[in-house]
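Worksheet: one structure, shown below.
The values are calculated or read from the model by the stated rules, or taken from the named source; none is laboratory data. Quick caveat, the model's predicted, so the values are computed rather than measured. Here the Cβ positions follow ideal geometry from the backbone for every residue, glycine too, while neighbour counts run over all protein chains shown. Accessible surface is based on the protein model in full, side chains and every heavy atom, while ligands, DNA and RNA are left aside. Shrake-Rupley method; radii C 1.70, N 1.55, O 1.52, S 1.80 Å.
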Amino acid sequence: MSAVVNLLQIAQLRGGYSDVDIIHGIDLAVAPGEIVTIAGTNGAGKSTVVKALLGLLPRVSGTVLLNGRDITRLSAEDRFDAGLAYVPQVANVFPSLTVRENLLVVRGVPNVRRRMDEVLVDFPALVERLPQSAGDLSGGERQQLAFARALMPSPRIMVLDEPTAALAPSLVGKVFDMVRKLPASGVAVLMVEQRARQALQISHQGYILDQGRCVLQGQAQALLGDERMAQLYLGNH
Ligand SMILES: Nc1ncnc2c1ncn2[C@@H]1O[C@H](COP(=O)(O)OP(=O)(O)O)[C@@H](O)[C@H]1O
Ligand SMILES: [Mg+2]
């Protein structure tokens, strides 16, 4: 018997920041090569799920498996080393460092200069900016740098928290294009997005959260046509 091993498997994740539970038993899976979206209104608990699976939530129970390995009790650093990359909602680059320094300081990257050149192939706009301070980048370039940084250690999966939130509307499509290309380079994606429709359009699976619970889940295409989506979540961007 050969069971399919999901790349990421989360079971009965619950917890919060104090003694009050914010998330109440989340089950979620990401298969290799998949893009999976978590959507839901503001305050639904999306970022809290992300923090819990990354080892950044003060109090948590449940299980997190990465490629079949139980990482539930690992520190955030050890999860990173196991192949879980994270692009936070804000503060995802060091503004006072140059673009080059931002890429070279990522920990745990063997042959870091060669790896930087490999990663930059997909981000040509950053090549011209290498000596500049990351704080001087435009919003779109900054997001490219955040993605490039996350890719430096060759992660198995990238966790993105609202990658389009801080961007001008004209740049949103470009970010979704970057996300869509990740599986081709062997990186699966778990993405939190307020722009549910656009995110689901490039996703394989989707999960809709409300008040710390998953209230709807399924294949992204099916969710897009599901009338319960409109009732639960008015993400008609
Ligand atoms: N650092 C924190 N300390 C205490 N409560 C928090 C913290 N971060 C978020 N919360 C609370 O947890 C709930 C879910 O927040 P969050 O996971 O950030 O939602 P979302 O990302 O879906 O907008 C909200 O009620 C929020 O106020
Ligand atoms: Mg959030």
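Arrange the peptides 193-202, 122-131 so that the one whose residues have, on average, the most other Cβ atoms within 10 Å appears first. Let's see the in-between values first.
Numbers: 193-202: 20.9, 122-131: 14.4.
Highest-to-lowest ranking by the protection proxy: 193-202, 122-131.
Please sort 46-54, 170-178 by packing, taking for each peptide the average over its residues of neighbouring beta carbons within 10 angstrom, highest first.
On the way: 46-54: 23.6, 170-178: 15.4.
Going by the mean number of other Cβ atoms within 10 Å, highest first, we get 46-54, 170-178.
Express the carbon and sulfur contribution to the solvent-accessible surface of the range 59-187 as a percent, rounded to the nearest whole number, probe 1.4 angstrom.
For the range 59-187, the apolar C and S fraction of the accessible surface comes to 51 percent.
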Inset, instruction - Place a +1 charge on the Cβ of each Lys and Arg in the range 167-237 and a -1 charge on the Cβ of each Asp and Glu, then give the dipole magnitude about the Cα centre in debye, rounded to the nearest 20. - result: 180 debye
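Enter the accessible area per residue of the chain (Å², integer; probe 1.4 Å; all protein chains in place).
48 Å²
Using the Cα centre as the reference, give the magnitude of the dipole from point charges on the C-beta atoms of the range 99-232 (Lys, Arg: +1; Asp, Glu: -1; all else neutral), rounded to the nearest 20 debye.
340 debye
Expected output is a single nm value to one decimal: the length gained when fully extending between D210 and D226, i.e. 0.36 nm times separation in residues minus the C-alpha distance. What is it?
Numbers: separation 16, 0.36 × 16 = 5.76 nm, distance 1.64 nm.
Full extension from D210 to D226 adds 4.1 nm.
How big, on average over all directions, is the shadow cast by the Cα convex hull of the range 47-149, in nm²?
Working: hull surface 29.2 nm².
The Cα convex hull of the range 47-149, projected and averaged over all directions, gives 7.3 nm².
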Legend entry - Length added when fully stretched, A91-D19, from 0.36 nm per residue minus Cα-Cα: 23.2 nm
Inset, instruction - Working with all protein chains in place, sort E118, E34 by solvent-accessible area computed with a 1.4 Å probe, largest first. - result: E118, E34
Legend entry - By average C-beta atoms within 10 angstrom, highest first, the peptides 219-228, 145-154, 82-91, 22-31: 145-154, 22-31, 82-91, 219-228
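Tell me, what are the semi-axes, in whole angstrom and largest first, of the equivalent ellipsoid of the chain as set by the roots of 5 times the Cα gyration tensor eigenvalues?
So the three semi-axes of the chain are 28, 21, 17 Å.
With the alpha-carbon atoms as the only input, what is the per residue convex hull volume for the range 1-40 in Å³?
Numbers: hull volume 3.7 nm³, N = 40.
Given the Cα convex hull of the range 1-40, per-residue volume reads 92 Å³.
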Inset, instruction - Under 14 Å from the Cβ of A168, count the other residues' Cβ atoms, weight Lys and Arg +1, Asp and Glu -1, and hand me the total. - result: +2
Legend entry - Overall dimensions of the range 140-198 by Cα: Rg and Dmax, Å: 10.9, 30
Inset, instruction - With runs of 4+ DSSP H residues as the only contributors, calculate the mean residue ellipticity of the chain at 222 nm using -39,500 (n - 2.57) per run, divided by the residue total and rounded to the nearest 500. - result: -8500 deg cm²/dmol
Inset, instruction - Enter the Cα centre distance for the pair the range 105-170 and the range 188-237, rounded to the nearest angstrom. - result: 26 Å
